[in-house]
1. Take the residues in the range 64-73 that are farther than 14 Å from Y7 by Cα and in contact (Cβ under 8 Å) with a residue 12 or more places away in the chain, then tell me which one is surrounded by the fewest Cβ atoms within 10 Å (Cβ to Cβ).
2. Test L168 against the criterion of being touching a helix residue (DSSP H, G or I) at 6+ places or on another chain (Cβ under 8 Å) and either surrounded by fewer than 20 Cβ atoms within 10 Å (Cβ to Cβ) or at pLDDT below 95 (or both), and give yes or no.
3. In the range 21-61, what residues are under 23 Å from G74 (Cβ atoms) and part of a loop (DSSP other than H, G, I, E, B)?
4. Please work out which one of (1) touching a strand residue (DSSP E or B) at 6+ places or on another chain (Cβ under 8 Å); (2) over 28 Å from R121 (Cα atoms); (3) at pLDDT 95 or above is the condition G94 fails and give its number.
5. Identify all residues within the range 88-147 that are among the hydroxyl-bearing types (S, T, Y) and over 22 Å from A25 (Cβ atoms); write none if there are none.
6. Which of the numbered conditions does M12 fail, given that it passes all the others? Conditions: (1) in a helix (DSSP H, G or I); (2) under 19 Å from H151 (Cα atoms); (3) at pLDDT below 95; (4) not acidic (D, E).
7. Search the range 101-127 for residues being surrounded by fewer than 14 Cβ atoms within 10 Å (Cβ to Cβ) and of a type outside the set (D, E), and hand back the single one that is nearest to E72 (Cα to Cα).
Amino acid sequence: MPRNVLYILSGMSFAGKSVLATAIAERKGVQVIDPDGVRIEMELGLGGEFLSAEVWGTIHAEAEARAKAILEAGHSLVYDTTAFDKGQRDELRGLAYQSGAEPVVIAVKIERDEAYRRWKRNNETLERFAVHIDDFNMCAEAFKYPHGEPHLAYEAGQDLDAWITNNL
């Protein structure tokens, strides 16, 4: 029986994954690994410029290495990422299994128009880091909801505490 859990958040940019990740982490007493946080630590894309797939690959490799170390130390964690498609989700599931953890995919549902409104508002207010429109569009177009895959579904805007209590 796995001793720990890798909560894998999956959804479009600005769906509310980070808000859910923080709530899960606080409620479960676990860490959050966020490739965007790793990107900021690496001082990449701080001005909102577009980042290549190669650069994102480097960022994700570092984030996954950190996640693996935490899991192998016997701790659960939340991995706050887009996880565009089944292939990416399967890679993270594999990371969990290799590290002796149970993977739990949580798909955050949001309409693209609402995610775009949130992106636009963010780029005006800079509540979070700026995101280039090409990065937003790439993520929105590449994201495939995990139909037919084991996952939990969180609808953007749902009551966080109630959802966590009822599902985790």
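The values are calculated or read from the model by the stated rules, or taken from the named source; none is laboratory data. Because the structure is a prediction, the values reported are computed rather than measured. Reconstructed Cβ throughout: ideal geometry from the backbone, glycine too, with neighbour counts over all protein chains shown.
1. Residues of the range 64-73 farther than 14 Å from Y7 by Cα: 65-66, 69, 72-73.
Filter again for in contact (Cβ under 8 Å) with a residue 12 or more places away in the chain, leaving 66, 72.
Numbers: R66: 17, E72: 13.
My answer is E72.
2. Values: touching a helix residue (DSSP H, G or I) at 6+ places or on another chain (Cβ under 8 Å): yes; either surrounded by fewer than 20 Cβ atoms within 10 Å (Cβ to Cβ) or at pLDDT below 95 (or both): yes.
It is true that L168 is touching a helix residue (DSSP H, G or I) at 6+ places or on another chain (Cβ under 8 Å) and either surrounded by fewer than 20 Cβ atoms within 10 Å (Cβ to Cβ) or at pLDDT below 95 (or both).
3. G29, V30, D34
4. The number of the failed condition is (1).
5. Keep residues of the range 88-147 that are among the hydroxyl-bearing types (S, T, Y), which gives 97, 99, 116, 125, 145.
Residues satisfying the conditions are Y116, T125, Y145.
6. Here M12 clears every test but (1).
7. Residues of the range 101-127 surrounded by fewer than 14 Cβ atoms within 10 Å (Cβ to Cβ): 111, 113, 117, 120-121, 124-127.
Of the ones still in play, those that are also of a type outside the set (D, E) are 117, 120-121, 125-126.
Values: R117: 39, K120: 39, R121: 39, T125: 39, L126: 36 Å.
For the range 101-127, the residue satisfying everything is L126.
For (1) surrounded by 14 or more Cβ atoms within 10 Å (Cβ to Cβ); (2) at pLDDT 90 or above; (3) farther than 18 Å from I106 by Cα; (4) more than 16 Å from the chain's Cα centre (by Cα), each residue gets a yes or a no:
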{"residue": "M1", "(1), (2), (3), (4)": "no, no, yes, yes"}
{"residue": "Y7", "(1), (2), (3), (4)": "yes, yes, no, no"}
{"residue": "L20", "(1), (2), (3), (4)": "yes, yes, no, no"}
{"residue": "P35", "(1), (2), (3), (4)": "yes, yes, no, no"}
{"residue": "H60", "(1), (2), (3), (4)": "yes, yes, yes, no"}
{"residue": "H75", "(1), (2), (3), (4)": "yes, yes, yes, yes"}
